[in-house]
Amino acid sequence: MTAITVDPDKKYTGKVAKWLNHKGIGFITPETDAEAGDILVHYMQIKQESEDGFKSLEQGSKVEYELEADPKNPEKKIAVNVTGVEGADCAPKRKGKGKKGGKGKGKKGKGKGKNKGGEEAEAEE
């Protein structure tokens, strides 16, 4: 991994490699220095208008960003002021239907418990 030099006045470009809705973070692969590794981005740094205030990034979308030192690890960099191309809003992650099948199979009422009369079921020997 090569070190990333930070120019505070420079806008960098890259593609969204991954977005984790449940954590509110994602990773951007830089266009110019991809071998340096992906850059972390937090949802608070995304320029995006939404009805519910929820911010996300669409995987594969092109973004522009600035770099700052990671406050938790100064050797690493994080993306800040993340926008779409030419300062536009970032494309949000498309909402899908989620996992198919609902809550899973389960036992669907089969098993030990009370029988129709309200009495405890007796174990068969």
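Here, each number is a calculation from the coordinates, and none is a lab measurement. All figures in this text were calculated on a predicted structure; none of them were measured in a lab. Every residue, glycine among them, receives a Cβ derived from its backbone with ideal geometry; neighbour counts consider all protein chains shown.
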### Task
Place a label point 7 angstrom from the Cα of residue 95 along the Cα-to-Cβ direction, then list the residues of region 48-79 whose backbone nitrogen is under 14 Å away.
50-56
#### Entry: Zone residues, region 50-65, relative to residue 86, backbone N less than 17 Å from point 7 Å out along Cα-to-Cβ
62-65
### Message
Please list, in order along region 10-21, the HN-Hα scalar couplings obtained from phi with the Karplus expression 6.51 cos²θ - 1.76 cosθ + 1.60 (θ = phi - 60°), rounded to whole Hz, x for Gly and Pro.
### Response
9, 9, 9, 10, x, 10, 5, 7, 7, 10, 10, 4
### Message
Please list, ordered by chain and number, the residues whose modelled amide H lies under 5 Å from the amide H of residue 70; skip anything fewer than 5 residues away on the same chain.
### Response
76, 77, 78
### Task
Mind giving me the nanometre distance, one decimal, between the label points for residue 72 and residue 49, set 7 Å out from Cα along Cα→Cβ?
3.2
### Summary
Here the net charge surrounding residue 93, from other residues whose Cβ is less than 12 Å away from its Cβ (Lys, Arg +1; Asp, Glu -1), is +3
### Task
For residue 84, list long-range residues whose amide hydrogen, built 1.01 Å from N in the peptide plane, is under 5 Å from its own amide hydrogen.
64, 89, 90
